[in-house]
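Trainee: First the structure, then my questions, so here it is.
The values are calculated or read from the model by the stated rules, or taken from the named source; none is laboratory data. Just so we're clear, the structure is a prediction, and the values are computed from it rather than from any experiment. When we count neighbours, we look across all protein chains shown, and the Cβ atoms used for this are built from the backbone with ideal geometry, even at glycine. These area figures cover heavy atoms from the full protein model, side chains too; ligands, DNA and RNA do not enter into them. Shrake-Rupley method; radii C 1.70, N 1.55, O 1.52, S 1.80 Å.
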Amino acid sequence: MYFMILNLKDLSTIQKQYYLQHVIAPRPICFASTIDKAGKVNLSPFSFFNLFSSNPPIVIFSPARRVRDNTTKHTLENILEVPEVVINIVTYDMIHQTSLASCEFGKEVNEFIKAGFTEEEATMIKPPMVKESKVKLECKVIEVKPLGTEAGAGNLVICEVLKMHIDNSLLDSPSAAQDFPKIDQRKINHVARLGGDWYCVVNENNLFQVDKPNTQLGIGIDSLPKNIRNSKILSANHLGQLANVHEMPFIQPSFNDAHLKQIIQYYSINPEDMEKELHSYAKKLLDENKVNEAWQVLLSII
Ligand SMILES: Cc1cc2nc3c(=O)[nH]c(=O)nc-3n(C[C@H](O)[C@H](O)[C@H](O)COP(=O)(O)O)c2cc1C
């Protein structure tokens, strides 16, 4: 592999922004509603945004100094006057209006009106929520940390989330086993920002699950038998799945799989081809997230 190596201090602000935004991606979008002392409302999107703590519940976003003329954004000015913000979560159905709200309208312009959103009163703070957004976070700003004075410098707006409003339509149908209402991740349709004009949407077609080892440790790639680790058929992801089991699996005599039997019978005189076939079958099972079954297949030739 050959790499282009960039020394950030040799790049212009535009170049730094270009490369960083294309590679630190996708970024969730905070659609921030703020208000100034006189009661003028502002609504703008920020993708320099994320969750940093659950307890206390802290999110941070960053309205940067404008690259064009080193002025500060209205959102930041409002927050310095009234340290409160509603963070509205951006979903696919509102992305073009959200982009419209990012135009550099004058300070006197209310982007709710320009972008066609409806103001809805928040319960604990002054800035209004975006009625059309399916999730809104009422936040108190606990600190603003400027990261520099040059054009392009960010300003960390550190927010404590006081209240969440979650549209009922995003909730899973309740079951007796649940201790609290759960969000169905497939239903949100989050939109995220990448570099330049690129965005992505998170939906059922591109969502997948990865088992998370919680208290138990995975055995690790280094513990995999050599023939599995050096497989020409299994990918790095497949090895990651296999190595995430908590202890080295052993052959289960009760594992009764017709296809496995067929492979063993058919290829018994050619161990090399048998290994290929077994690895291909294990690969198929891993792609279906059947890790235990894949292990049983692989163990049959160790
Ligand atoms: C999806 C999206 C994400 C954006 N993210 C940021 C960001 O993280 N920081 C920033 O300073 N500007 C960001 N912008 C640009 C601001 O939204 C834009 O400068 C806006 O006009 C600022 O409005 P204000 O001056 O009313 O606060 C983003 C624009 C879009 C469309």
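Trainee: Checking the conditions here, which among Lys276, Lys290 is under 29 Å from the mean Cα position of the chain (by Cα) and at negative phi?
Mentor: Working: Lys276 fails: under 29 Å from the mean Cα position of the chain (by Cα).
Residue meeting the stated conditions: Lys290.
Trainee: While we're looking at this one, here's another question. Are there any pairs, at least 6 apart or on different chains, whose C-beta atoms fall under 9 Å, with the first in region 182-201 and within 16 Å of Asn88 (Cβ to Cβ) and the second part of a strand (DSSP E or B) and open to solvent by 70 Å² or more (accessible area, probe 1.4 Å), and if so, which?
Mentor: Between residues of region 182-201 that are within 16 Å of Asn88 (Cβ to Cβ) and residues that are part of a strand (DSSP E or B) and open to solvent by 70 Å² or more (accessible area, probe 1.4 Å), the close pairs are Val191/Tyr199; Ala192/Tyr199; Arg193/Tyr199.
So that you can scan it fast, the table gives a plain yes or no per residue for (1) in contact with a helix residue (DSSP H, G or I) (Cβ under 6 Å, 6 or more places away or on another chain); (2) surrounded by 15 or more Cβ atoms within 10 Å (Cβ to Cβ):
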site	(1), (2)
Lys145	no, no
Cys159	no, yes
Pro174	no, no
Arg186	no, no
Cys200	no, no
Ile221	yes, no
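Trainee: Across region 1-15, what is the number of residues that are open to solvent by less than 100 Å² (accessible area, probe 1.4 Å) and in a helix (DSSP H, G or I)?
Mentor: So the count comes out to 3.
Trainee: Report the residue count in region 243-295 for those that are in a helix (DSSP H, G or I), of a type in the set (Gly, Ala, Ser) and either buried (at least 16 other Cβ atoms within 10 Å of the Cβ) or in contact with a Pro (Cβ under 8 Å, 6 or more places away or on another chain) (or both).
Mentor: Residues flagged as in a helix (DSSP H, G or I), of a type in the set (Gly, Ala, Ser) and either buried (at least 16 other Cβ atoms within 10 Å of the Cβ) or in contact with a Pro (Cβ under 8 Å, 6 or more places away or on another chain) (or both) within region 243-295 amount to 2.
Trainee: Hey, does region 158-171 have a residue that's assigned to a loop (DSSP other than H, G, I, E, B) and either in contact with a Leu (Cβ under 8 Å, 6 or more places away or on another chain) or closer than 30 Å to Asp69 by Cβ (or both)?
Mentor: The first filter runs over region 158-171 and keeps only residues assigned to a loop (DSSP other than H, G, I, E, B), leaving 167.
Next cut, either in contact with a Leu (Cβ under 8 Å, 6 or more places away or on another chain) or closer than 30 Å to Asp69 by Cβ (or both) only: none.
No, that holds for no residue.
Trainee: Return only the number of the condition from (1) farther than 25 Å from Leu147 by Cα; (2) open to solvent by 50 Å² or more (accessible area, probe 1.4 Å); (3) within 10 Å of the ligand (Cβ to nearest atom) that Val90 does not satisfy.
Mentor: It is condition (2) that Val90 fails.
Trainee: Quick check: is even one residue across region 228-242 within 16 Å of the ligand (Cβ to nearest atom), open to solvent by 30 Å² or more (accessible area, probe 1.4 Å), assigned to a loop (DSSP other than H, G, I, E, B) and over 19 Å from Asp287 (Cβ atoms)?
Mentor: No, region 228-242 has no match at all.
Trainee: Next up: For Leu6, work out the one condition from (1) touching a residue at least 12 places away in the same chain (Cβ under 8 Å); (2) of a type in the set (A, V, I, L, M); (3) closer than 24 Å to Glu121 by Cβ it doesn't fulfil.
Mentor: Against the list (1) touching a residue at least 12 places away in the same chain (Cβ under 8 Å); (2) of a type in the set (A, V, I, L, M); (3) closer than 24 Å to Glu121 by Cβ, Leu6 comes up short only on (3).
Trainee: Same structure again: Where the second residue is among the basic types (Lys, Arg) and open to solvent by less than 50 Å² (accessible area, probe 1.4 Å) and the first is farther than 20 Å from His238 by Cβ and lies in region 259-282, which pairs have Cβ atoms under 8 Å and are six or more apart or on separate chains?
Mentor: Every condition considered, no pair remains.
Trainee: Give me the pairs, please: first residue somewhere in region 103-126 and free of Cβ contacts under 8 Å to residues at least 12 places away in the same chain and under 17 Å from Asn78 (Cα atoms), second residue anywhere and away from the ligand (no atom under 15 Å from the Cβ) and not acidic (Asp, Glu), beta-carbon distance under 7 Å, and either six or more positions apart or on two chains.
Mentor: none
Trainee: Within region 202-219, can one find any residue that is of a type outside the set (Asp, Glu), open to solvent by less than 50 Å² (accessible area, probe 1.4 Å) and farther than 17 Å from Trp295 by Cβ?
Mentor: Yes, because at least one residue in region 202-219 is of a type outside the set (Asp, Glu), open to solvent by less than 50 Å² (accessible area, probe 1.4 Å) and farther than 17 Å from Trp295 by Cβ.
Trainee: Output yes when any residue across region 145-156 is away from the ligand (no atom under 16 Å from the Cβ) and under 24 Å from Phe52 (Cβ atoms), and no when none is. Outline the logic, then answer.
Mentor: The initial filter retains those residues of region 145-156 that are away from the ligand (no atom under 16 Å from the Cβ), namely none.
For region 145-156, residues away from the ligand (no atom under 16 Å from the Cβ) and under 24 Å from Phe52 (Cβ atoms): absent.
Trainee: Might you check whether a residue that is within 12 Å of the ligand (Cβ to nearest atom), at pLDDT 95 or above, surrounded by 14 or more Cβ atoms within 10 Å (Cβ to Cβ) and part of a helix (DSSP H, G or I) occurs anywhere in region 21-29? Don't jump to the end; show me each part of the working.
Mentor: Restricting attention to region 21-29, the residues satisfying the condition of being within 12 Å of the ligand (Cβ to nearest atom) are 21, 24-29.
Pick out the ones that are also at pLDDT 95 or above and you get 21, 24-29.
Subset that is surrounded by 14 or more Cβ atoms within 10 Å (Cβ to Cβ): 21, 25-29.
Of the ones still in play, those that are also part of a helix (DSSP H, G or I) are 21.
The answer is yes, given that some residue of region 21-29 is within 12 Å of the ligand (Cβ to nearest atom), at pLDDT 95 or above, surrounded by 14 or more Cβ atoms within 10 Å (Cβ to Cβ) and part of a helix (DSSP H, G or I).
For (1) closer than 26 Å to Thr13 by Cβ; (2) more than 10 Å from the ligand (Cβ to nearest atom), each residue gets a yes or a no:
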| residue | (1), (2) |
| --- | --- |
| Gly39 | no, yes |
| Phe49 | yes, no |
| Ile60 | yes, yes |
| Lys73 | yes, no |
| Glu77 | yes, no |
| Thr98 | yes, no |
| Val109 | no, no |
| Lys114 | no, yes |
